[in-house]
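As structure tokens, the structure follows; a few thoughts come after it.
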Amino acid sequence: MSLIEYKGFGGVLLSADMLGDENDPAVLLIPDVGQNRAAWRDVAEALVLSGRRVVNLDLREAGEADELAPHIEDMRAVLAQMGSRPVVVTAGRGGWIATRALALDGALLAAGLVLVDMPVDEDAIADDVPARLAVPALVVRGGFSPAQCSAVSDTFNAALPMGESADINECDLELASDRNEALLGQLLEFLERRQPREAMEFKAGSDPRTLRDAMGCFATGITIVTALDADGTPVGLTANSFTSVSLDPPLLLVCIANTAGTAPALREAAHFGVNVLQIGQQPTSNRFAARGEDRFANQPWAPGQTGVPLLGSSLVSFECQRESLHEAGDHFILVGRVVRAQFEPHRDPLLYFRGKYRRLHFA
Ligand SMILES: Cc1cc2nc3c(=O)[nH]c(=O)nc-3n(C[C@H](O)[C@H](O)[C@H](O)COP(=O)(O)O)c2cc1C
């Protein structure tokens with residue numbers, strides 16, 4: 001996350017958190033008038049995990065009267081500086097700002113508009129502003145608190161000629177058992193429809209990087225595969241290609257790159273260990289994946305009953321007898337028969353997904 005500043009109306013500086021990959025489609029979060037960007041922080045983080053770039057904006061300090069005009073100009077200035085057309089997501093009276101800022105040429109500035117808990121904007125109705133809502137919209141009621149307004153989208157439609165209706169979807173979260181989750185689900189569905197992410201494609205015969213990214217869509221745990229080399233020195237490497245194979249007989253497998261420094265020792269070893277890492281062992285994962293490190297230097301380990309090095313405080317350590325070895329392209333598949341498994345039933349796992357470490361999240 002980085003802190004950036006936009007130039008608002010009259011040169012006033014507006015702070016914003018910028019989160020996510022700059023190549024991902026953008027979402028602009030606007031708080032309720034009188035609140036700041038902390039209001040959207042959880043949603044912002046969740047959107048990033050769903051592949052969105054998020055700008056979480058602070059409104060300027062409220063002026064004397066509760067004037068909307070400077071906020072509207074600020075928002076138009078920020079949208080112009082953003083470079084791509086974001087979906088704008090607003091809370092409460094932030095919706096008044098956005099509907100007015102996007103009323104005329106909104107389609108040039110934004111790809112969509114989400115109004116969460118926007119109260120009916122009586123002044124705008126009087127000015128006929130909502131009738132000109134120019135972008136697809138989603139009206140969410142009860143996103144933060146029980147619904148306070150029931151007729152927002154009616155006001156947009158009422159001012160249109162008979163038979164025409166604005167591109168508005170509505171949802172009511174008042175009865176949702178978890179408002180945050182329900183709001184996020186509605187947001188993501190709207191974003192997928194209005195601002196689809198481009199599907200990536202791998203084609204046979206080219207581009208191993210894209211294939212790697214495709215494979216990275218499968219979330220895994222992380223293991224350290226260990227063995228003793230011919231001299232009796234412990235060796236090991238980080239591997240997430242672990243799979244359980246069979247219960248009877250008890251078999252598992254890992255795939256090892258032919259180019260790995262530990263590959264010759266693992267090809268020869270009669271026994272090997274597979275240590276599944278817990279959340280606190282990210283440094284261990286890094287050390288066993290880095291070249292030129294003395295991987296066992298500060299690493300507590302103990303020999304198992306077959307002599308293989310087992311790493312202390314792992315989630316589970318499988319001790320295996322070599323069952324078979326299969327050549328498979330630039331890797332070989334090492335199948336082991338489990339002779340012993342010691343496990344820790346309470347800790348959380350260290351996870352790996354799309355090239356990054358992750359942790360379990362319980363909704
Ligand atoms: C999260 C993660 C998962 C990995 N999974 C594997 C794997 O399944 N098989 C493999 O051969 N290498 C895997 N690697 C790479 C090896 O750990 C790394 O190439 C190796 O340790 C390099 O050192 P070496 O050649 O000295 O053994 C993985 C690395 C990371 C960070």
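The values are calculated or read from the model by the stated rules, or taken from the named source; none is laboratory data. None of the values given here were measured: they were computed from a predicted structure. When we count neighbours, we look across all protein chains shown, and the Cβ atoms used for this are built from the backbone with ideal geometry, even at glycine. Protein only, heavy atoms only, side chains kept; ligands, DNA and RNA dropped before computing areas. Shrake-Rupley method; radii C 1.70, N 1.55, O 1.52, S 1.80 Å.
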Between segment 221-250 and segment 16-32, what is the separation of their alpha carbon centroids in Å? 41
Full-stretch length increase - ARG358, ARG41 - with 0.36 nm per residue and alpha-carbon distance subtracted: 112.2 nm
Among DSSP bridges having both ends in the chain, what percentage is antiparallel? Round to the nearest 5. 70
Provide the per residue accessible area, probe 1.4 Å, for segment 256-363, rounded to a whole number of square angstrom. 56
Ordering 278-284, 136-142, 219-225 by per-residue average of other C-beta atoms within 10 angstrom, highest first, gives 136-142, 219-225, 278-284
Given N residues in the chain, what is its alpha carbon radius of gyration divided by 2.2 N^0.38 Å? 1.33
Rank by packing, highest mean first: peptides 7-20, 167-180, with packing defined as the count of other Cβ atoms within 10 Å averaged across residues. 7-20, 167-180
Picking from PRO70, PRO31, PRO303, which is most flexible by a Gaussian network model of the chain using Cα springs under 10 Å? PRO303
At 7 Å along Cα-to-Cβ for each site, give me the label-to-label distance between LEU104 and SER50 in nm. 3.3
Expected sort for 99-105, 355-361, 258-264 on mean C-beta neighbours within 10 Å, highest first, is 99-105, 258-264, 355-361
State the percentage of accessible surface on the chain attributable to carbon and sulfur atoms; use a 1.4 Å probe and exclude ligands, DNA and RNA. 51
Would you mind working out the magnitude of the charge dipole of segment 209-358 relative to its Cα centre, with +1 at each Lys and Arg C-beta and -1 at each Asp and Glu C-beta, to the nearest 20 Debye? 460
Could you check the spin-label model distance between SER313 and LEU175? Points 7 Å from the Cα along Cα→Cβ, value in nm. 4.9
Formal net charge of residues neighbouring ALA16 (Cβ-Cβ distance under 13 Å; K, R +1; D, E -1): +1
Based on the Cβ-Cβ distance from VAL120 to ALA214, what FRET efficiency comes out when R0 is 56 Å, to the nearest 0.05? 0.75
With label points built 7 Å along Cα→Cβ from the Cα atoms of ALA199 and VAL12, find their separation and express it in nm. 4.6
Please build a GNM for the chain, connecting alpha carbons under 10 Å apart, and tell me which residue among ASP348, ASP74, ASP32 fluctuates the most. ASP348
